[in-house]
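The values are calculated or read from the model by the stated rules, or taken from the named source; none is laboratory data. No experiment lies behind these values; they were computed from the predicted model shown. Cβ coordinates were reconstructed from backbone atoms using ideal geometry, including for glycine residues, and neighbour counts include every protein chain displayed. Only protein heavy atoms, including side chains, enter the accessible area calculation; ligands, DNA and RNA are left aside. Shrake-Rupley method; radii C 1.70, N 1.55, O 1.52, S 1.80 Å.
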Amino acid sequence: AGKHKRTIDVVGDVTEEGKAKLTEELDDIHVAFKDHIALARPVLRNNIEEVASGEAWLAVQAKEKGLVDTIMTSDEYLESVCEEFDIIEILEKMEKKQFGDQLNIPFIGWAVDKFRSTLETPTKRNMPMAII
């Protein structure tokens, strides 16, 4: 709801007002990104425009530009902090395949989900709540 809910989308008309609003929002996000980088990486403050150009870099390039300190896998990271923190258990979560998933057809998956949700009885976990 609201005047600017969908300023630009694939279905609606693209208006000058919508383009202007989207540009304004993107500019705000870009300023926030640059502020965050400047706070987190003070060494980049003087050349923030070089790294905040809208480009995407591979890990090695990001390291060269000072955006990351180290390149490692998540397992390597966990091993590196074992001495500093108590890691109790690491579990690998496997998503359970459900009917319709293997068909790789979005509509069937959506229809199956809708059917399942109509069969569920409301519980405290999925009932709407209001905080007053």
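Taking the 1.4 Å solvent-accessible surface of segment 1-76 as the whole, the part contributed by carbon and sulfur is 55%. Accessible surface for segment 1-89, divided over its residues, is 84 Å² per residue with a 1.4 Å probe. Loop-located trypsin sites (Lys or Arg not before Pro) across segment 44-99 with a Cβ neighbour count of 13 or fewer within 10 Å are K93, K96, K97, with loop assigned by DSSP. The chymotrypsin sites (Phe, Trp or Tyr not before Pro) of segment 1-85 meeting both criteria, a DSSP state outside H, G, I, E and B (loop) and at most 11 other C-beta atoms within 10 angstrom of the site's C-beta, are F85. Against the compact-protein benchmark of 2.2 N^0.38 Å, the Cα-based radius of gyration of segment 1-73 scales to 1.48.
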